[in-house]
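Worksheet: the structure to be examined is printed underneath.
The values are calculated or read from the model by the stated rules, or taken from the named source; none is laboratory data. Keep in mind the model is a prediction, meaning the values are calculated, not measured. Backbone-built Cβ (ideal geometry, glycine too); neighbour counts: all protein chains shown.
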Amino acid sequence: MSATTKPRSAAKKATKKRVAKGAKKSAAKKSAAKKGAKRAAAKKATKKPAKRASKRTSKKTASRSAARRGPAKKRASSKTGRKPGNRAQIGARNLTARTAEVKAARRQRRKSVIVVLIALSAAAAAGITAIRSPFLDVDSVSVRGADAVAVDEILAAASVPMGSPLVDLPAEAITDRVESIPAIRTATVTRHLDGTVQIEVTEREPTMALRSNGGFVLVDDDGRQVRASDVAPDGFLPVIGLEATGVPGDPAPPGSTAVLRLMDEITPPVRAAVTDVIVTGDQLALRLAEGGRAILGDDDQLAAKVVSLETLLLSVDMRCVHEIDLTVPSAPALSRIGEKGNPRDGLADLTECS
């Protein structure tokens, strides 16, 4: 082989190597270009949903703002057929419309109030006319609950104005006049639509009889003199030692309170065995029907003293009894006439014993 062929083969090899390197580089550039195109396509794909989402949110916010603006703006835009150009003009128009609506509502309320007032006034006038009509006048007066007091006396004290309107009837004044009768404890006046006025009374119940001006006067449990009597009334224990005025309506004399308490405590067996109540200062005594008397002392422990006396009356022979001392109710002391040390003076009216 010649020397010229060797350099040519070496040159060919060198060119082949350069061509191979160039092909590799071009292939690498193509692959990089492909990768770049894929990345760009991926970025475009991701950007499109974001744009769509932003468009959706912008549409939502626009619809919300349109809803907040209210129906007035929608009506204005629908009437004009074009988008509002000046917000200040639109706001002024809305304010004018709202003012007109408020004024109309106020006028309507005023009309309603006036109609209601007129109706109420008419009803009140009709009611007053009906109340003042002759159909609601006082036509008659009736009395209930009167026994010891005459009905005519109650009617005279009541002085009910006949023919006057029921609504103007002075019920309290009539009640006060009826209760001013000494024997009346309470009175109630009732008006009825048929023109009847009813007076219902509760009479006082006397509980004791006091001597007064040669006769007797009955006293109730409030210590008020109810009515006078020439003789001792049946069913009452005469009280000796207290003098009353005998004027119905006057208070009972001092000392009557203790007697009234005693009357509340007396039991039926004791009441049947007693004829009088004797009052000496603040001391009380009972005159016995079979003779003698029971000394009660002051008004302390009256209930216990009455029970002790009832026990003696039911268990001890009461003949020739001079005195029963009940000042200590738990230890009563009984003495008889004729016993040693028992004086007989002042006892001539009692049952004689041998």
> Based on what the data block shows, is residue 170 outside the structural domain of residue 254 (by TED's automatic domain parsing), farther than 27 Å from residue 262 by Cα and out of contact with any helix residue (DSSP H, G or I) (no Cβ under 9 Å at 6 or more places or on another chain)?
Replying inline: yes
>> Pairs needed: first member in the stretch 178-193, outside the structural domain of residue 224 (by TED's automatic domain parsing); second member anywhere, among the hydroxyl-bearing types (Ser, Thr, Tyr); C-beta distance under 8 Å; at least 6 residues apart or different chains.
In response: 179/186; 184/202; 185/202; 186/202; 187/175; 187/202; 188/175; 189/175
> Does the stretch 215-239 hold any residues that are buried (at least 16 other Cβ atoms within 10 Å of the Cβ) and touching a residue at least 40 places away in the same chain (Cβ under 8 Å), and which are they?
Replying inline: 219, 224, 225, 226, 227, 237, 239
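Each row is one residue, and each column tells you yes or no for (1) surrounded by 13 or more Cβ atoms within 10 Å (Cβ to Cβ); (2) modelled with pLDDT of 90 or more; (3) basic (Lys, Arg); (4) part of a loop (DSSP other than H, G, I, E, B).
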{"site": "109", "(1), (2), (3), (4)": "no, no, yes, no"}
{"site": "124", "(1), (2), (3), (4)": "no, no, no, no"}
{"site": "128", "(1), (2), (3), (4)": "no, no, no, no"}
{"site": "172", "(1), (2), (3), (4)": "no, yes, no, no"}
{"site": "177", "(1), (2), (3), (4)": "yes, yes, yes, no"}
> For the stretch 178-196, which residues satisfy the criterion of being of a type outside the set (Asp, Glu) and under 18 Å from residue 149 (Cβ atoms)?
Replying inline: 178, 180, 181, 182, 183, 184, 185, 186, 187, 188, 189
>> Here's a check for you: in the stretch 331-354, which residue that is within 26 Å of residue 265 (Cβ to Cβ) and assigned to a loop (DSSP other than H, G, I, E, B) is modelled with the lowest pLDDT?
In response: 350
> Can you pull out the residues in the stretch 264-323 that are within 16 Å of residue 240 (Cα to Cα) and hydroxyl-bearing (Ser, Thr, Tyr)?
Replying inline: 275, 280
> Which members of the stretch 188-222 meet the condition of being of a type in the set (Lys, Arg) and over 24 Å from residue 242 (Cα atoms)?
Replying inline: 191
>> Within the stretch 268-321, take every residue that is surrounded by fewer than 14 Cβ atoms within 10 Å (Cβ to Cβ) and among the acidic types (Asp, Glu) and give me the one that is farthest from residue 258 (Cα to Cα).
In response: 317
